[in-house]
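All of the numbers you see were taken from the coordinates with simple rules; none came from a lab. Everything numeric here is computed off the predicted structure, so don't read it as measured data. Here the Cβ positions follow ideal geometry from the backbone for every residue, glycine too, while neighbour counts run over all protein chains shown.
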C-alpha cells in the first residue's frame, strides 16, 4: 500500500511538472497575437489564391479528362479543386507551425530560460514532452480556425469526421514537433535553424499530395511520397473530410502516423538528453 501511495505521488508530481511546461508554452503562444495571424494568413493565401487560380485552370476536377483519366478529385461529383486541397492546407498549417516550434528552443537558450529549466528537478524527457504538447496545442488551435473556414467553401463535417481529423492532426503535430525540437536541440543560431528547416518543411509539404493526387506519379516521386509522414495525414484527412478513396486504407494511414510519433519522439528524447543548455 505504501509503495502504491509513493508511486501515485510520483506520477502526480511528474504530471504537475509536465503541465507547468505546457502551460508556459501555451501562454507564450497566447501573448504572440501576430504569430497566430501570420500562421493563419499563409494557409488562407494558398487556399483562396492558389486554390482559385489552379481551380480555374483545371476546371471541374471531379470530372473525367478527355484522355479518359480521372480528374484531380477522382470521379466524385461536387468536389472542386479548393475542396480537394483543403485537407492539404490543414496539414500545411500543422507542418509549418510544428517544425518551426523548434526555434523556441534556441530562443530559450539565448535568454537563459533553458538553463533554469535544465537545472530544475525535472527530467529532460518531461521537458521534451511538455514542449511537444505545447506545439501540439498551437497546431490544433490554428487547424481549428482553418476547419471553421472550411465551412465557407462547402466542407461538411460529421461528429465522427471531426474526432478523426483531430486525432490525425495531433499525431502529425506530435511527430513533426518532435522533429523540430530535435533540430533545435542541435542548433545554436536562429538563422541557421531557419535555413535548415526550410529544407525540411517544403519537401514535407510538397511531397504530401496536398496539391495533387498521388495516383499515376512517376516511380521516383511515388517512393518519395511514401517516406513523408504528412502524406498519410493528408490521405486520411481527405478520406474523412471529403469521402474520397485514399491511396492507402485509413488503418494504414493512422498506423504509419503512430509509428512516426514513436520514432521521431524517441529520437527527440534522446537528442534532449544530449542537448547543451548554453
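Across region 212-256, C-alpha contacts under 8 Å between residues 6 or more apart give a mean separation that, scaled by the residue count, equals a relative contact order of 35 percent. A crude spin-label estimate for the pair residue 186 and residue 251, with each label 7 Å from Cα along the Cβ direction, gives 3.6 nm. Estimated from the Cβ-Cβ distance and a Förster radius of 45 angstrom, the FRET efficiency linking residue 212 and residue 119 is about 0.35.
Residues 262, 28, 119, 201, arranged from fewest to most other Cβ atoms within 10 angstrom of their Cβ, appear as 119, 262, 28, 201.
In degrees, nearest 10, range 0 to 90: what is the angle between the Cα axis of helix 229-242 and the longest Cα principal axis of the chain? Computed tilt is about 60 degrees.
Give me the one-decimal Kirkwood hydrodynamic radius in Å for region 173-278, with the sum taken over alpha-carbon pairs.
Numbers: mean 1/r = 0.0664 Å⁻¹.
15.1 Å is the Kirkwood radius here.
Taking Cα atoms only, the orientation of helix 81-100 departs from the longest principal axis of the chain by about 20 degrees. Among 140, 204, sorting on how many other beta-carbon atoms sit within 10 Å of each Cβ, with the fewest leading, yields 140, 204. Pair-distance distribution P(r) for the chain, from all Cα-Cα distances in 5 Å bins starting at 0: 1, 6, 12, 16, 17, 15, 12, 9, 6, 4, 2, 1, 0, 0, 0, 0 percent. Springs between alpha-carbon pairs under 10 angstrom, Gaussian network model over the chain: which of 209, 55, 255 fluctuates most? Maximum among the listed residues: 255. Put in line by how crowded their Cβ is, counting other Cβ atoms within 10 Å and starting with the fewest, 115, 33, 131 read 33, 115, 131. For the pair residue 151 and residue 270, a Förster radius of 25 Å applied to the C-beta separation gives a FRET efficiency near 0.05, rounded to the nearest 0.05.
Over region 103-234, what relative contact order in percent results from Cα pairs under 8 Å that are six or more residues apart? Mind dumping the intermediate values first?
Numbers: 72 pairs, mean separation 41.0, N = 132.
31 percent.
Between the Cα long axis of helix 159-186 and the first principal axis of the chain there is an angle of about 60°, rounded to the nearest 10. Here the label points at residue 222 and residue 30, each 7 Å from Cα along the C-beta direction, are separated by 4.9 nm in the simple model. With contacts taken as Cα pairs under 8 Å at a separation of at least 6 residues, the chain carries a relative contact order of 24 percent. For the chain, modelled as a GNM whose springs connect Cα atoms under 10 angstrom apart, the maximal fluctuation among 180, 265, 16 occurs at 16.
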